[in-house]
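Trainee: Structure below; questions to follow.
A short reminder: the numbers here are calculations on the coordinates, not readings from a lab. It should be emphasised that the depicted structure is a prediction, and the values quoted were computed from it without experimental measurement. Because the Cβ atoms are built from the backbone with ideal geometry, glycine has one as well, and the counts that use them run over all protein chains shown.
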Amino acid sequence: MSALKQRIDSLLVEPGCATNQAKSDKARKEGCKKPLTPGAAAGGCAFDGAKIALQPVVDVAHLVHGPIACEGNSWDSRHVYSSGPQIYRTGFTTDMAEFDVIYGGEKRLYRAIKEIIDKVNPPAIFVYQTCLPAMIGDDVEGVCKAASAKFGTPVIPVNAPGFAGSKNLGNKLGGEALLDHVVGTLEPEYTTDCDINLIGEYNVVGEFWQVKPLFDELGIRVLATFCGDARYRDIAGSHRAKAAIMLCSQALINIARKMDERYDIPFFEGSFYGIADMSDCLRRISRLLVERGAPADLPARAEALIAREEARAWARLEKYRARLAGKRVLLFTGGVKSWSVVSALQEVGMEIVGTSMRKSTQSDRAKVVEIMGTDAHMFDELPPREMYRMLKESQADVMLSGGRSQFVALKAKTPWVEINQERHHAYAGYDGVVNLVAEIDKALYNPIWSQVRQPAPWELTEGWGERVAAE
Ligand code: SF4
């Protein structure tokens with residue numbers, strides 16, 4: 001059995017995954033493989049998932065070993081921000097072509113690594129395996145090892161070729177590369193009793209910067225994020241953290257669990273979306289850190305900060321309450337957002353008519369039931385045709401979803417707000433809730449909706465209805 005196959009099999013039975021734990025032994029052995037529907041967009045390959053998880057490490061060069069289209073597909077697909085280095089936004093690729101299929105791409109990869117070191121000399125290079133070199137048998141790990149030894153720069157193989165599976169599996173394979181080759185390889189310059197890791201925080205549109213000041217004020221140091229606005233050195237020294245918060249359970253649960261086992265870093269699953277969830281995170285991390293040696297007054301200081309920030313957020317939300325109360329929302333997202341955004345919207349009096357449970361774990365489902373009091377509004381699938389029907393029949397006043405379903409909403413002449421990774425507004429923390437509510441308000445009260453819902457001029461001409469019926 002190949003090393004990649006073994007690695008995939010171990011990830012498919014991840015013991016930290018609540019979905020796995022809820023399965024029978026037989027079902028667990030079969031793993032999480034879900035056959036893809038031919039012709040349907042698969043939602044990204046394993047390579048894409050690994051790239052999404054690791055590209056937010058902003059000071060390393062991300063080198064894609066494969067045809068140029070692989071890099072083209074994945075480059076900058078999320079708006080993850082950096083507070084400093086910009087090298088992560090440069091698309092490096094070996095641009096494999098026909099001759100490389102015949103003669104192999106290892107030399108080409110080695111030359112590309114050397115060229116990157118000569119020209120930009122990053123603290124490390126992440127080399128992504130893709131389908132083509134994996135199929136022709138390029139020894140990417142061997143080349144990375146040789147280049148590391150020769151040039152003295154860490155060259156990290158990320159073995160997640162696209163055919164290995166889904167984007168979510170690729171997230172985890174990216175995490176495995178960090179666990180195998182990066183975490184624990186350097187020591188932090190200093191440590192404190194209040195050092196934490198944030199796992200599954202990608203700093204999409206700068207969301208990390210909305211919560212970091214809260215931690216800073218409490219004296220809690222974010223030693224490393226996996227991987228938003230991260231530096232290579234921070235992740236290499238992240239094994240010295242005292243505790244961790246896992247923010248996107250489906251994506252990097254393997255990192256959280258293995259760092260707990262290997263380095264005794266306890267973690268809990270939290271969310272920065274919504275006032276109640278943000279406060280809950282601050283309370284839980286404060287208590288956990290006190291158990292790990294932090295000053296005993298930390299929870300009291302956290303409570304004071306929570307009281308101040310909640311009051312400030314509620315005051316800012318007040319002007320939207322009357323405008324949004326009773327408005328019906330269709331939420332088509334997944335994972336942790338399926339429940340954390342629900343509670344945020346309920347906080348301003350909106351009604352949730354449906355929330356999708358795609359990519360959600362058993363604990364996500366339990367949280368939806370806890371927040372909404374029923375599972376009646378959860379759905380696993382919502383085909384575009386059904387989504388269109390719901391919106392056309394005005395069963396929702398606004399839809400929150402990713403970019404791919406925006407055209408269904410627009411076709412149904414329904415306000416729509418981008419909430420997934422392509423979003424342009426930051427929704428985390430107390431300020432993020434206000435941003436989200438402001439965006440929903442803008443979408444709902446945009447005057448364009450009353451205009452596009454008017455009949456077109458030609459629809460008012462005599463005989464229009466008959467002519468359409470005749471065609
Ligand atoms: S499926 Fe393979 S060839 Fe296609 S983008 Fe992913 S890694 Fe590249």
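Trainee: Let me spell out the model: positive unit charges on the Cβ of Lys and Arg, negative unit charges on the Cβ of Asp and Glu, origin at the Cα centre of the chain. What dipole size does that give, in debye rounded to 20?
Mentor: 320
Trainee: Still on this structure, I have one more. With each label point set 7 Å from Cα along the Cα-Cβ vector, what nm distance links N121 and I68?
Mentor: 2.9
Trainee: Compute the distance from the alpha-carbon center of the range 434-471 to that of the range 160-184, in whole Å.
Mentor: With the range 434-471 and the range 160-184 each reduced to a Cα centre, they are spaced 45 Å.
Trainee: Order 427-433, 108-114 from most to least packed using the mean count of other Cβ atoms within 10 Å.
Mentor: Put in order of decreasing packing, that is 427-433, 108-114.
Trainee: Let me ask you something else. When only C-alpha pairs under 8 Å and at least 6 residues apart count, what is the relative contact order of the range 378-451, in percent?
Mentor: Taking the mean separation of contacting Cα pairs over the length of the range 378-451, I get 25 percent.
Trainee: Net charge around F99, counting only other residues with Cβ within less than 15 Å of its Cβ (Lys, Arg = +1; Asp, Glu = -1)?
Mentor: My count for the surroundings of F99 gives -2.
Trainee: Oh, and also: Which value, in debye to the nearest 20, gives the size of the charge dipole of the range 35-182 about its Cα centre, when Lys and Arg are +1 and Asp and Glu are -1 at the Cβ?
Mentor: My answer is approximately 240 debye.
Trainee: Which three extents, in whole angstrom, do the alpha-carbon atoms of the chain cover along their principal axes, largest first?
Mentor: 78, 66, 49
Trainee: Taking only pairs that are 8 or more places apart or on different chains, how many Lys pairs in the range 35-182 have Cα atoms under 22 angstrom apart?
Mentor: 12
Trainee: Could you derive backbone 3J(HN,Hα) for the range 167-184 from the dihedral phi with the Karplus parameters 6.51, -1.76 and 1.60 (θ = phi - 60°), listing whole Hz in sequence and x where the residue is Gly or Pro?
Mentor: Along the range 167-184, the couplings run 4, 4, 5, x, 3, 5, 5, x, x, 5, 4, 5, 5, 6, 10, 10, 4, x Hz.
Trainee: Name the residue farthest towards the positive end of the dipole of the range 35-182 from the options G174, A160, M135, assuming +1 on Cβ of Lys and Arg, -1 on Cβ of Asp and Glu, about the Cα centre.
Mentor: Checking the options against the dipole of the range 35-182, the answer is G174.
Trainee: Pairs of alpha-carbon atoms within less than 8 angstrom and 6+ residues apart define the contacts here; what relative contact order does the range 66-109 have, in percent?
Mentor: Reported relative contact order: 52 percent.
Trainee: Here's something else I'd like to know. I'd like to know which of A243, I275, L330 lies farthest towards the positive end of the charge dipole of the range 223-350, counting +1 on Cβ of Lys and Arg and -1 on Cβ of Asp and Glu.
Mentor: L330
Trainee: Any idea how far the Cα center of the range 301-352 sits from the one of the range 88-107, in Å?
Mentor: 47
Trainee: Just to be sure I understand the model, the point goes 7 Å from the Cα along the line to the Cβ. What's the resulting K413 to W464 distance in nm?
Mentor: Calculated label separation equals 1.0 nm.
Trainee: Here's a follow-up. Using the basic label-point model (7 angstrom from Cα toward the beta carbon), what is the S10 to V369 distance in nanometres?
Mentor: 3.3
Trainee: Determine the dipole magnitude for the range 195-313: charges of +1 sit on the beta-carbon of Lys and Arg, -1 on that of Asp and Glu, nothing else is charged, the reference point is the Cα centre, and the result goes in debye to the nearest 20.
Mentor: Using only the charged Cβ atoms, the result is roughly 320 debye.
Trainee: Can you tell me which of 200-210, 400-410 comes out highest on packing, and rank the rest after it, using the mean Cβ neighbours within 10 Å?
Mentor: Details: 200-210: 23.7, 400-410: 18.2.
So the peptides 200-210, 400-410, ranked by packing, come out 200-210, 400-410.
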